[in-house]
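> I am attaching a structure below and will ask some questions about it afterwards.
The values are calculated or read from the model by the stated rules, or taken from the named source; none is laboratory data. Keep in mind that this is a model prediction, so the values were computed, not measured. Heads up, the Cβs are rebuilt from the backbone with ideal geometry, glycines too, and the neighbour counts pull from every protein chain shown. We work out accessible area using only protein heavy atoms, side chains counted, and drop any ligands, DNA or RNA first. Shrake-Rupley method; radii C 1.70, N 1.55, O 1.52, S 1.80 Å.
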Amino acid sequence: MTVPHPDPKDFTYADVGATRDEGFCPPGFHPMNVRTRLGEGEEVFRRASEAVLTWEMHRSMGVGLDAGADRAAPGVDVTVTLAGVIKAPCRVVWTVEEPRRAGWAYGTLPGHPEIGEESFVVDRTGDGTVWLTVNAFSRPAKWYAKAGGPATRGFQHAYARRCGNVLRNLSTQGGEPGA
């Protein structure tokens with residue numbers, strides 16, 4: 001079931017919900033699409049989906065995460081804190097929970113160092129392979145993000161790759177996410 005996104009009036013960009021289309025990037029934004037193979041089978045898919053939908057993947061990465069709910073849902077506010085200093089307020093704009101696809105996206109709110117949207121979607125292909133796709137479009141908002149230029153985008157790509165590595169470990173270790 002795909003759930004519609006909340007009212008876009010509070011976001012810092014116009015194309016709220018656009019990460020549903022992996023090929024879309026608004027003019028003036030930088031696209032990102034990082035896909036990581038997690039493993040194979042229904043159990044890997046189930047564990048990975050739960051770890052994404054319950055914030056476990058993000059928390060296991062060592063970033064601070066304050067969410068307004070235990071599970072991703074449209075309208076839930078999320079603040080990610082990096083290095084204990086940089087606070088990045090976001091709001092979940094859409095979720096998806098289907099037999100072979102699960103995940104969500106959040107969009108930036110005022111105060112975030114970037115402007116844009118990022119999605120985290122787990123899918124299981126016809127051959128049983130399980131993937132995490134991190135899809136985003138963004139541009140700098142704060143002076144330090146602008147000053148970072150290509151290094152800022154490099155950090156974003158490294159973060160997305162780390163999401164995949166962490167989720168692979170969570171979903172293939174044989175334990176329940178969060179245990």
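> I'm trying to understand the selection: among the residues of the range 151-162, which are surrounded by 16 or more Cβ atoms within 10 Å (Cβ to Cβ), over 16 Å from Phe29 (Cα atoms) and of a type outside the set (D, E, K, R)?
The answer is Tyr159, Ala160.
> Which count do you get for residues in the range 127-145 that are farther than 20 Å from Gly41 by Cα, touching a residue at least 60 places away in the same chain (Cβ under 8 Å) and aromatic (Phe, Trp, Tyr)?
So the answer is 1.
> Could you tell me how many of the residues in the range 102-150 are open to solvent by 10 Å² or more (accessible area, probe 1.4 Å), charged (D, E, K, R) and touching a strand residue (DSSP E or B) at 6+ places or on another chain (Cβ under 6 Å)?
Summing the residues that are open to solvent by 10 Å² or more (accessible area, probe 1.4 Å), charged (D, E, K, R) and touching a strand residue (DSSP E or B) at 6+ places or on another chain (Cβ under 6 Å) in the range 102-150 gives 6.
> Among the residues of the range 87-129, how many are in a loop (DSSP other than H, G, I, E, B) and at positive phi? Walk me through how you get there before you give the answer.
From the range 87-129, those in a loop (DSSP other than H, G, I, E, B) are 99-100, 109-113, 125-128; that's our starting set.
In the following step, the residues that additionally are at positive phi were identified as 111, 128.
Within the range 87-129, residues that are in a loop (DSSP other than H, G, I, E, B) and at positive phi number 2.
> Still on this model: Mind listing just one residue for me: the one in the range 61-73 that is at pLDDT below 95 and not aliphatic (A, V, I, L, M) and, of those, farthest from Gly111 (Cα to Cα)?
By that ranking, first place goes to Gly62.
> Sticking with this one: Can you tell me which residue within the range 130-170, out of those that are of a type in the set (Ser, Thr, Tyr) and either assigned to a strand (DSSP E or B) or under 13 Å from the mean Cα position of the chain (by Cα) (or both), is modelled with the highest pLDDT?
Start the filter on the range 130-170 by keeping residues that are of a type in the set (Ser, Thr, Tyr), which leaves 133, 138, 144, 152, 159.
After this cut, where a residue has to be either assigned to a strand (DSSP E or B) or under 13 Å from the mean Cα position of the chain (by Cα) (or both) as well, the list is 133, 138, 159.
Numbers: Thr133: 97, Ser138: 94, Tyr159: 90.
Per the criteria, the residue is Thr133.
> On the basis of being of a type outside the set (A, V, I, L, M) and more than 26 Å from Asp10 (Cβ to Cβ), does Gly64 make the cut? Steps first, please.
Working: of a type outside the set (A, V, I, L, M): yes; more than 26 Å from Asp10 (Cβ to Cβ): no.
Judged against the criteria, Gly64 is not a match.
> Quick one: which of Arg168, Arg124 is out of contact with any helix residue (DSSP H, G or I) (no Cβ under 6 Å at 6 or more places or on another chain), among the basic types (Lys, Arg) and within 24 Å of Phe45 (Cα to Cα)? Break it down into steps so the answer makes sense when it comes.
On the way: Arg124 fails: out of contact with any helix residue (DSSP H, G or I) (no Cβ under 6 Å at 6 or more places or on another chain).
The unique qualifying residue is Arg168.
> Of everything in the range 34-49, what is among the polar types (S, T, N, Q) and either touching a Leu at 6+ places or on another chain (Cβ under 7 Å) or at pLDDT below 95 (or both)? Give them in sequence order.
Residues of the range 34-49 among the polar types (S, T, N, Q): 36, 49.
Correct list: Thr36 only.
> Hey, could you check the range 47-97 for residues that are basic (Lys, Arg) and surrounded by 15 or more Cβ atoms within 10 Å (Cβ to Cβ) and say which is nearest to Pro113 (Cα to Cα)?
Our first condition is that a residue be basic (Lys, Arg); within the range 47-97, this holds for 47, 59, 71, 87, 91.
After this cut, where a residue has to be surrounded by 15 or more Cβ atoms within 10 Å (Cβ to Cβ) as well, the list is 47, 59, 91.
Values: Arg47: 31, Arg59: 20, Arg91: 14 Å.
Taking the candidates together, the pick is Arg91.
> List every residue pair whose Cβ atoms lie under 6 Å apart, where the two residues are 6 or more positions apart in sequence or sit on different chains, the first residue falls within the range 51-68 and is over 14 Å from Ala160 (Cα atoms) and assigned to a strand (DSSP E or B), and the second residue, located anywhere, is of a type in the set (S, T, N, Q) and open to solvent by less than 30 Å² (accessible area, probe 1.4 Å).
Matching pairs, first to second residue: Gly64/Thr81.
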